[in-house]
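The values are calculated or read from the model by the stated rules, or taken from the named source; none is laboratory data. None of these values were measured; they are calculated from a predicted model. A quick note on method: Cβ atoms are made from the backbone with ideal geometry, for glycine too, and the neighbour counts reach across all protein chains shown.
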Amino acid sequence: MVRHLTTTADLTDGEIEAIFEEANGYLNGETNQKLRSRLVINIFFENSTRTRSSFEVASRRLGAEVVSLDVASSSESKGETMHDTAANLDAMGASAIVVRHKNAGAPKILSKYVKASVINGGDGAHAHPTQALLDLFTLRQALGDVRGKKIAIVGDIRNSRVANSNIKLLTRFGMEVILVAPPHFLPKRSNVRATWNIREVVDELSAIMSLRTQTERHERPIYASLSDYAVNFKITKELLGDRQIYVMHPGPVHRNIDLDDSVLSDPRSLVLRQVHNGVATRMAILSKFVLEY
Ligand code: ASP
């Protein structure tokens, strides 16, 4: 049976532990030939630099062939596009297809048309499972046991697939998530603790995950300027003080809006570690989904 990775719920706790164990063996740029003569296709209907290149590097380090297609936004209806795309990719004999799309649910639709394993590289505001997995991996590396530790997710949570996937995965692995955002950036329905004032909770935190304001998903401008938003939600050194709070961001960072420059260069920033760990985590994910199914 072919299996697909559309959300982190597609994996059991045991499977996630096995992925992390394998990823631990890839942290120093190791390569192998596990996916030799297999084809991985990245098909990105929405812009990406980090995720796309991360999957490319991961595929190559496993010896796979990799093709990346940037599909310009098209006027075709979603159904036609996905169907066409699926037929073409299948004809090329792909083992895995990594897909990014602005519509939630697109990877699931694609999975119905192809024989390859479909891996969700981010769909609308819905899910970004490989990002959440690399984030949990990075948090464990920094904090050791994450159970009972608290993380604030700060910013445009309502429109963020990264936040959505992380809220589910991090709470499942025992972390307490606190949402920090203005009311219009909070999810409409959620039973996760929330505040607009990060200073209220900062003393409790082991980590902060800052998010980019997803202006492309707003129907109309919410802030007159991003610097208005930054007044209350930018993470600064002054906010951190001398607390041992790790700072994360999935990228791309709006510098001096999401994170102050000085925070990005602080040893407590895990931002580049997330990128580094992303390749190792995606290698483990690709090898599982290609070889086991
Ligand atoms: N790179 C992340 C994503 O694809 C976060 C972002 O774009 O702000 O969702």
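Miscellaneous remarks
- The number of residues in the range 245-256 that are in a loop (DSSP other than H, G, I, E, B) and either within 27 Å of Val279 (Cβ to Cβ) or touching a His at 6+ places or on another chain (Cβ under 7 Å) (or both) comes to 7.
- Matching residues, the range 23-49, being of a type outside the set (D, E, K, R) and within 16 Å of the ligand (Cβ to nearest atom): Asn42, Ile43, Phe44, Phe45, Asn47, Ser48, Thr49
- Breaking point among (1) within 26 Å of Met82 (Cα to Cα); (2) modelled with pLDDT under 95, for Gln131: (2)
- Filter result (farther than 18 Å from Leu259 by Cβ and within 16 Å of the ligand (Cβ to nearest atom)) within the range 180-200: Pro187
- Elements of type helices (runs of 4 or more DSSP H) contained in the range 76-159, each with 3 or more residues being within 16 Å of the ligand (Cβ to nearest atom) and of a type outside the set (Ser, Thr, Tyr): 129-143
- Only residues that are among the β-branched types (Val, Ile, Thr), outside any loop (DSSP other than H, G, I, E, B) and more than 16 Å from the ligand (Cβ to nearest atom) were counted in the range 213-244, giving 1.
- Residues of the range 205-235 satisfying the condition of being over 21 Å from Arg161 (Cβ atoms) and surrounded by 14 or more Cβ atoms within 10 Å (Cβ to Cβ): Leu205, Ser206, Ala230, Asn232, Lys234
- Odd one out for Arg52 among (1) at pLDDT 95 or above; (2) more than 15 Å from the ligand (Cβ to nearest atom): (2)
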